[in-house]
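*Asks:* Dropping the structure in here first, questions after.
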Amino acid sequence: MKSIIIPIQGMHCSSCAVTTELELNKVDGVTSANVNFAMGRATIEYDEAKTTPDQLAQTIRDTGYVPVMKTETENQNKGHDGVNHMKSIIIPIQGMHCSSCAVTTELELNKVDGVISANVNFAMGRATIEYDEAKTTPDHLAQTIRDTGYTPVMEAVAGGQNKETDEHDGADDETDHSSHTAHSGYVTKNRLIAAFILVIPLAISLFGIPNIGTIFGRPAWLWINFIAAWVLVAWFGLQFHRGALNELRHGRVNMDTLVTVGTGAALLWSTYTLFMGGETYFETAGIIIVFLLLGKWLEAQQRMRAGTAIQSLLGLHSKLAHRLIDGGQVEDVDPSVLKPGDRCLVKPGERIPQDGEIVDGHSVVDESMLTGESIPVERNIGDTVYGATVNGTGTFTLRVTVETGKSALDAIVATVDHALSTKSPVEKLVDRVSRIFVPLVFTVAFATFIVWIGIGAPLGDAIRYAVAVLIVACPCAMGLATPAAIMVGTGAGAKKGILVKDGSALEAARNITMVVFDKTGTLTEGSPTVTDIIPHGVSEDELLAVASALEDVSEHPLAKAVLAERDRRELSTPRAEQVSAVPGEGVEGIVDGVKTLLGKPGWIASQGIAMDSAGIDTLRADEKTIIAVARDGVFLGYIAAKDRLKTDAAEAVRMLKAEGIATALLTGDHQATADAIAKELDISKVMAQVTPTEKAEKVKALQAGGQKVAFVGDGLNDAPALAQADLGIAVGTGTDVAIATGQIVLMSGSPRKAAEAIRLARLTFRAIKQNLFWAFFYNMIGIPLAAFGILNPIIAAFAMAMSSVSVLSNSLRIARKIR
């Protein structure tokens, strides 16, 4: 099974996206296809044995739209010699002011003979191109970029190696973002200004026709209106008409069809009455186009703002790396060429070029882009640091540990990208409504025309009322309602270290009634220290040494605490053999030839070993975890360790209670220890002494009792519970399995982030509901008013233009509220 994302040009409303999605899902071998109108792209999972990216791209073309990323089969990359000539190149580009610049450049690159695929990333300011070196060259590709109006600042050869590198500090250039839009080239700022100048005589006509003489027996001002209206509708509205024609060729209708039919009817009827005598409606046709262009321009500005958080994420990558070479020399390179094992010098104030380990020096690092926490953290030799985080005042040497494209930031970007490529249930419902919306509007408009003619209204009035119905109905607001909110919500969350992996997580969070926390590593630091050693018939050092022998191969936090105490006392460790773990209970093995057990006191007792339980209750009441040790059937004593609660654990519980959400603690620790922690944090429900296999069952039992459960965990044994919960929240400092299973990932270990994640999800879904309400309410009110002749087509056009803008503006409120 394969997955592919194909950007699509030419979709003008949500019905376009729905149609394309339906056609893609019909392709044999496609298991799922989601087309996101707001992002302008299709995310497709398919069986490569049954279909290919070429066939998927062709399906999009057959549907009437343009797949921006062109994909060919590998055999087409072979020359006559049978050798595969496919190469890859990354070319940074200067001069792109917005995403439409990137789209234009990408389209031109994809036209080059020999280009397999070209992807221009505006936020990262570079083009990634796959090409056949037998048909084109890097120089030719760079010249194509220049011909498009932008500057290739670094040309790279296949495999990402630099052919020439221009130094630049990555500072943000001052650019005029307002002169471009990101909406398929509908309108630029200058074009919009020209349209507003041209509409002036039409606007004056709303207050009366100035008497400046007559031409052919008609007022001269009407002839001015005639010219202005035709230029506005035919030329400035050309993009609408092209879209409508494209839909007509494929037997479909969409928003462009509504605009073309509405303005075309008003324009043609006015032209007829100008020559034949009668009332004209040139101002209606021309002003409608101007308002629609204004709406599209404003919509593009808001969509650019909505994607700011995501674009800023993509732009966080370091622009320069100081790689150390033989002899201690330093060479400045693009971070994309770094490989695992490379060593780099990181200077004060610089972004760290790639994930790696400090091998020399120390510093404090601002990791806020990764965790959302503003306080810098100290990093020393042996510590892991992450690419794109900001070094403080120190200088250190970094050894790269990951390949390009596999850093923590890349994982964040991929997660956000996935969230924007999937659809929540409510979005799929809206798509189904959008599918029938435009045909329904045409039916209502036709019925309006027939009814008004039937009751004796003048033909011009009947046309005007039908045009108002066509113009007032806009599916764009409905199509943007959900994806716009998700785009803003996921972007705002990512900036705070909260990664929402798909839209369904946002929908699930709105109904959560209880949050269940795992203890170790979630509410606690996950790094306990030994506090008490209580021997029975042996010395403290002997008890600790025997325990260390069994714990020496374990990664459990308690094992690390025992080993740390052994090292502190500088004890030698006896030899251990045949060591094996008993899940959820402890460890057994042969130490110095004798069978030895270590684990929960209850488990040790179940093996028929008599133990002295004096003092255990007191230790547990102090939130300490106890392990017992026995050798050859004889009890040797207890070791107690305490794990510190995270500083914001209590705050997390308070925040959840303020949202009306109950809390619970789920742990394998003893009941007394769990009760003590729950009491300190004011957690209402405690489930203790739970084995890893029972965690999911406990969550399931809560669900059976009517609770909507969110589970917060970080360990390998938390994965089943994360999957079982209505909402799985994985702590990013935990294991890869937990992170893969969770629907929301917290990049820091802060439990407060869990509360913030649920609040973010609720705010996002609240915005979705508000957007949908106003989108549907607007049409429910506007269409009847237009049909009854109450709503002027010009007012209808302005209302239609503003509907999408209002939806986007409401979505942007999420980012302001979550700060």
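The values are calculated or read from the model by the stated rules, or taken from the named source; none is laboratory data. In this text, all values refer to a predicted model and were calculated from it rather than measured experimentally. In this analysis, Cβ positions are derived from the backbone assuming ideal geometry, glycine residues included, and neighbour counts consider all displayed protein chains. The accessibility values were calculated without ligands, DNA or RNA, using every heavy atom of the protein model including side chains. Shrake-Rupley method; radii C 1.70, N 1.55, O 1.52, S 1.80 Å.
*Asks:* Could you figure out which of (1) in contact with a strand residue (DSSP E or B) (Cβ under 7 Å, 6 or more places away or on another chain); (2) closer than 30 Å to Glu756 by Cβ isn't true of Ala649?
*Replies:* Every condition holds for Ala649 apart from (1).
*Asks:* Starting from the stretch 427-456, keep only residues that are open to solvent by 60 Å² or more (accessible area, probe 1.4 Å), then list their pairs with residues that are at pLDDT 85 or above and assigned to a loop (DSSP other than H, G, I, E, B) whose Cβ atoms are within a distance under 8 Å, requiring at least 6 positions of separation or different chains.
*Replies:* Once the first residue is open to solvent by 60 Å² or more (accessible area, probe 1.4 Å) and sits in the stretch 427-456, no partner that is at pLDDT 85 or above and assigned to a loop (DSSP other than H, G, I, E, B) comes close enough.
Here's the yes/no breakdown for (1) more than 30 Å from Leu440 (Cα to Cα); (2) buried (at least 22 other Cβ atoms within 10 Å of the Cβ); (3) modelled with pLDDT under 90:
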residue: Ile729; (1), (2), (3): yes, yes, yes
residue: Phe773; (1), (2), (3): no, no, yes
residue: Tyr778; (1), (2), (3): no, no, yes
residue: Ala796; (1), (2), (3): no, yes, yes
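*Asks:* Say whether the condition of being modelled with pLDDT under 90, open to solvent by less than 30 Å² (accessible area, probe 1.4 Å), within 23 Å of Ser88 (Cα to Cα) and touching a strand residue (DSSP E or B) at 6+ places or on another chain (Cβ under 6 Å) is met by at least one residue in the stretch 317-332.
*Replies:* Yes, there is a match, as at least one residue in the stretch 317-332 is modelled with pLDDT under 90, open to solvent by less than 30 Å² (accessible area, probe 1.4 Å), within 23 Å of Ser88 (Cα to Cα) and touching a strand residue (DSSP E or B) at 6+ places or on another chain (Cβ under 6 Å).
*Asks:* Residues of the stretch 637-664 being in a strand (DSSP E or B) and open to solvent by 20 Å² or more (accessible area, probe 1.4 Å), which ones?
*Replies:* Taking the stretch 637-664 as the starting set, the residues that turn out to be in a strand (DSSP E or B) are 637-642, 645, 662-664.
Lys642, Leu645, Ala662 - these are the residues of the stretch 637-664 that are in a strand (DSSP E or B) and open to solvent by 20 Å² or more (accessible area, probe 1.4 Å).
*Asks:* Another question, then. Hey, among the residues in the stretch 351-378 that are surrounded by 20 or more Cβ atoms within 10 Å (Cβ to Cβ) and of a type in the set (Asp, Glu), which one's modelled with the highest pLDDT?
*Replies:* Step by step, filter the stretch 351-378, then rank; the result is Asp355.
*Asks:* All but one of (1) buried (at least 18 other Cβ atoms within 10 Å of the Cβ); (2) β-branched (Val, Ile, Thr); (3) modelled with pLDDT of 85 or more hold for Val594, so report the exception by its number.
*Replies:* Val594 satisfies all of (1) buried (at least 18 other Cβ atoms within 10 Å of the Cβ); (2) β-branched (Val, Ile, Thr); (3) modelled with pLDDT of 85 or more except (1).
*Asks:* Also, quick follow-up: Could you give every pair whose Cβ atoms fall below 8 Å, whose first residue belongs to the stretch 126-146 and is within 11 Å of Gly114 (Cα to Cα), and whose second residue is among the charged types (D, E, K, R) and assigned to a loop (DSSP other than H, G, I, E, B), counting only separations of at least 6 or pairs across chains?
*Replies:* As it stands, the answer is Lys135/Asp113; Thr136/Asp113, since those pairs meet every condition given.
*Asks:* Pick from Ile639, Ile616, Ile677: which is in contact with a strand residue (DSSP E or B) (Cβ under 8 Å, 6 or more places away or on another chain), β-branched (Val, Ile, Thr) and modelled with pLDDT under 85?
*Replies:* Exactly one of Ile639, Ile616, Ile677 is in contact with a strand residue (DSSP E or B) (Cβ under 8 Å, 6 or more places away or on another chain), β-branched (Val, Ile, Thr) and modelled with pLDDT under 85, namely Ile616.
*Asks:* To continue, here is another question. Within the stretch 260-301, can you find the residues that are closer than 19 Å to Ala220 by Cα, open to solvent by 20 Å² or more (accessible area, probe 1.4 Å) and either touching a Lys or Arg at 6+ places or on another chain (Cβ under 9 Å) or at pLDDT 80 or above (or both)? Please lay out each step first, then the result.
*Replies:* Initially, the stretch 260-301 is screened for residues closer than 19 Å to Ala220 by Cα, giving 267-286.
When the remaining residues are screened for being open to solvent by 20 Å² or more (accessible area, probe 1.4 Å), the result is 268-269, 271-272, 275-279, 283.
Once the filter is applied, which keeps residues that are closer than 19 Å to Ala220 by Cα, open to solvent by 20 Å² or more (accessible area, probe 1.4 Å) and either touching a Lys or Arg at 6+ places or on another chain (Cβ under 9 Å) or at pLDDT 80 or above (or both), the stretch 260-301 yields Leu268, Trp269, Thr271, Tyr272, Phe275, Met276, Gly277, Glu283.
*Asks:* Output the number of residues of the stretch 205-235 satisfying the condition of being touching a helix residue (DSSP H, G or I) at 6+ places or on another chain (Cβ under 6 Å), in a loop (DSSP other than H, G, I, E, B) and open to solvent by less than 90 Å² (accessible area, probe 1.4 Å).
*Replies:* Residues flagged as touching a helix residue (DSSP H, G or I) at 6+ places or on another chain (Cβ under 6 Å), in a loop (DSSP other than H, G, I, E, B) and open to solvent by less than 90 Å² (accessible area, probe 1.4 Å) within the stretch 205-235 amount to 3.
*Asks:* Residues that are open to solvent by 30 Å² or more (accessible area, probe 1.4 Å) and at pLDDT 80 or above: does the stretch 304-313 have at least one?
*Replies:* no
*Asks:* Does the stretch 477-489 include one or more residues that are closer than 30 Å to Phe777 by Cα and touching a Phe, Trp or Tyr at 6+ places or on another chain (Cβ under 6 Å)?
*Replies:* Initially, the stretch 477-489 is screened for residues closer than 30 Å to Phe777 by Cα, giving 477-489.
Applying the additional criterion that residues be touching a Phe, Trp or Tyr at 6+ places or on another chain (Cβ under 6 Å) yields 479.
Within the stretch 477-489 (the criterion being closer than 30 Å to Phe777 by Cα and touching a Phe, Trp or Tyr at 6+ places or on another chain (Cβ under 6 Å)), the answer is yes, since at least one residue qualifies.
*Asks:* Here's another thing I want to ask about it. Which residues, counting only those in the stretch 136-150, are open to solvent by less than 60 Å² (accessible area, probe 1.4 Å) and assigned to a helix (DSSP H, G or I)?
*Replies:* Pro138, Leu141, Ala142, Thr144, Ile145, Thr148
*Asks:* How many residues does the stretch 598-618 contain that are of a type in the set (A, V, I, L, M), more than 20 Å from Ser580 (Cα to Cα) and open to solvent by 20 Å² or more (accessible area, probe 1.4 Å)? Steps first, please.
*Replies:* Applying the first criterion (of a type in the set (A, V, I, L, M)) to the stretch 598-618 yields 598, 604-605, 609-611, 614, 616.
Restricting the remaining residues to those that are more than 20 Å from Ser580 (Cα to Cα) gives 610-611, 614, 616.
Then drop every residue that is not open to solvent by 20 Å² or more (accessible area, probe 1.4 Å), which leaves 610-611, 614.
Within the stretch 598-618, residues that are of a type in the set (A, V, I, L, M), more than 20 Å from Ser580 (Cα to Cα) and open to solvent by 20 Å² or more (accessible area, probe 1.4 Å) number 3.
*Asks:* Within the stretch 394-416, track down each residue that is at pLDDT 85 or above, in a loop (DSSP other than H, G, I, E, B) and either under 14 Å from Gly349 (Cα atoms) or among the β-branched types (Val, Ile, Thr) (or both).
*Replies:* Start the filter on the stretch 394-416 by keeping residues that are at pLDDT 85 or above, which leaves 394-403.
Filter once more, so that each one left must be in a loop (DSSP other than H, G, I, E, B): 394-395, 401-403.
Answer for the stretch 394-416, where residues must be at pLDDT 85 or above, in a loop (DSSP other than H, G, I, E, B) and either under 14 Å from Gly349 (Cα atoms) or among the β-branched types (Val, Ile, Thr) (or both): Gly394, Thr395, Thr401, Val402.
*Asks:* On the given criteria, is Ala757 open to solvent by less than 10 Å² (accessible area, probe 1.4 Å) and modelled with pLDDT under 85?
*Replies:* Criteria not met by Ala757.
*Asks:* Something else now. Going through the stretch 27-48 one residue at a time, which ones are touching a residue at least 24 places away in the same chain (Cβ under 8 Å) and not in a loop (DSSP other than H, G, I, E, B)?
*Replies:* Val30, Thr31, Asn34, Val35, Asn36, Arg41, Ala42, Thr43, Ile44, Glu45, Tyr46
*Asks:* So for the stretch 630-648 (the condition being over 25 Å from Ala576 (Cβ atoms) and touching a helix residue (DSSP H, G or I) at 6+ places or on another chain (Cβ under 6 Å)), does at least one residue qualify?
*Replies:* Yes.
*Asks:* Moving on. For Lys698, state whether it is over 22 Å from Glu756 (Cβ atoms), in contact with a Pro (Cβ under 7 Å, 6 or more places away or on another chain) and open to solvent by 30 Å² or more (accessible area, probe 1.4 Å).
*Replies:* On the way: over 22 Å from Glu756 (Cβ atoms): yes; in contact with a Pro (Cβ under 7 Å, 6 or more places away or on another chain): no; open to solvent by 30 Å² or more (accessible area, probe 1.4 Å): yes.
In short, no.
*Asks:* Name the pairs whose Cβ atoms lie under 6 Å apart, with the first residue in the stretch 804-817 and basic (Lys, Arg), the second open to solvent by 10 Å² or more (accessible area, probe 1.4 Å) and part of a helix (DSSP H, G or I), and 6 or more positions between them or separate chains?
*Replies:* If the second residue must be open to solvent by 10 Å² or more (accessible area, probe 1.4 Å) and part of a helix (DSSP H, G or I), the pairs left are Lys817/Leu763.
*Asks:* If you take just the strands (runs of 3 or more DSSP E) that sit entirely in the stretch 512-590, which of them hold at least 3 residues that are touching a residue at least 24 places away in the same chain (Cβ under 8 Å) and buried (at least 16 other Cβ atoms within 10 Å of the Cβ)? Spell out the reasoning first.
*Replies:* Numbers: elements: 514-518, 529-535, 576-582.
Passing ranges, in order: 514-518, 529-535.
*Asks:* Please enumerate the residues belonging to the stretch 620-636 that are open to solvent by 20 Å² or more (accessible area, probe 1.4 Å) and under 20 Å from Gln671 (Cα atoms).
*Replies:* Within the stretch 620-636, the subset open to solvent by 20 Å² or more (accessible area, probe 1.4 Å) is 620-625, 631-634.
Of everything in the stretch 620-636, those that are open to solvent by 20 Å² or more (accessible area, probe 1.4 Å) and under 20 Å from Gln671 (Cα atoms) turn out to be Arg620, Ala621, Asp622, Glu623, Lys624, Thr625.
*Asks:* What number of residues in the stretch 334-346 are open to solvent by 10 Å² or more (accessible area, probe 1.4 Å) and not in a helix (DSSP H, G or I)?
*Replies:* 7
*Asks:* Let me ask another. Could you please give the count of residues in the stretch 500-541 that are within 17 Å of Ile683 (Cβ to Cβ) and among the β-branched types (Val, Ile, Thr)?
*Replies:* Filtering the stretch 500-541 for residues within 17 Å of Ile683 (Cβ to Cβ) gives 512-524.
Keeping just the survivors that are among the β-branched types (Val, Ile, Thr) gives 512-513, 515-516, 520, 522, 524.
Matching residues across the stretch 500-541 total 7.
*Asks:* Would you mind finding the one in Leu722, Leu681 that is within 28 Å of Asp532 (Cβ to Cβ) and open to solvent by less than 60 Å² (accessible area, probe 1.4 Å)? Reasoning before the result, please.
*Replies:* Working: Leu722 fails: within 28 Å of Asp532 (Cβ to Cβ).
Within the list Leu722, Leu681, the selection yields Leu681.
*Asks:* If you scan the stretch 457-476, which residues turn out to be open to solvent by less than 60 Å² (accessible area, probe 1.4 Å) and either touching a strand residue (DSSP E or B) at 6+ places or on another chain (Cβ under 7 Å) or not in a helix (DSSP H, G or I) (or both)?
*Replies:* Selection gives Ala457, Ala473, Cys474, Pro475.
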